[in-house]
1. Could you grab me the full set of residues in segment 51-110 that are in a loop (DSSP other than H, G, I, E, B), closer than 15 Å to I131 by Cβ and open to solvent by 60 Å² or more (accessible area, probe 1.4 Å)?
2. Quick check: is even one residue across segment 29-42 modelled with pLDDT of 75 or more, in contact with a strand residue (DSSP E or B) (Cβ under 8 Å, 6 or more places away or on another chain), closer than 19 Å to E98 by Cα and open to solvent by 50 Å² or more (accessible area, probe 1.4 Å)?
3. Consider R41 carefully, then state whether it is touching a Phe, Trp or Tyr at 6+ places or on another chain (Cβ under 6 Å) and part of a loop (DSSP other than H, G, I, E, B).
Amino acid sequence: CKKTETQHSFQRGTKMKQSESIEELASALSNAQAEFKPVPRNGKGHHGNNFAMFDDIITMFRPILFKHGLSFTQLPFDEEASVGVYTRLMHSSGQWIESKFGITPNTQGAHQYGSCLTYCRRYSIGSVLGIPTDKDVDADDDMGLVAGKKKEKTKHPSHPANTVEDFF
């Protein structure tokens, strides 16, 4: 059976790839997600927000993924001033999905790059598995929910988006 891949472009060049079929992977991931429990948020960010530590995420979810024939790998990249990871979720059937997520470090140096990679690994695996890894404080700020203030609702276009590309 010839394996091909489908590629989708999201905002700012972020890419998701997948095997030709993902039915078995999707079913296995759904069953695994039914067993997921919230990850403790033991990490403390620079802005006072708590987040799930990468080691805690892996320790908690790896046995459940294994039980459902799922595994993942995260490979780093460094290109055009960005550093990040390719995260591939694989199923024992050979089906897979892959995403690429990167950010631009504030400064140069091994420590900054390492911090960026850990950040990308944590957010990427959380996104691929569908698990929250921190409180969505950015959305609170964007929605005007900080300090009890509400922001006026933005009017949306009267026509709905027909494709993913319509959103971007």
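The values are calculated or read from the model by the stated rules, or taken from the named source; none is laboratory data. In this text, all values refer to a predicted model and were calculated from it rather than measured experimentally. Backbone-built Cβ (ideal geometry, glycine too); neighbour counts: all protein chains shown. Just so you know, the surface numbers come from the protein's heavy atoms only, side chains and all, with ligands and any DNA or RNA stripped out. Shrake-Rupley method; radii C 1.70, N 1.55, O 1.52, S 1.80 Å.
1. Start the filter on segment 51-110 by keeping residues that are in a loop (DSSP other than H, G, I, E, B), which leaves 52-53, 68-69, 80-81, 92-95, 104-109.
Checking the rest, the ones that are also closer than 15 Å to I131 by Cβ come to 52-53, 68.
If the condition is that a residue be in a loop (DSSP other than H, G, I, E, B), closer than 15 Å to I131 by Cβ and open to solvent by 60 Å² or more (accessible area, probe 1.4 Å), then M53 is the only one that fits.
2. no
3. Details: touching a Phe, Trp or Tyr at 6+ places or on another chain (Cβ under 6 Å): yes; part of a loop (DSSP other than H, G, I, E, B): yes.
When the stated conditions are applied, R41 passes them.
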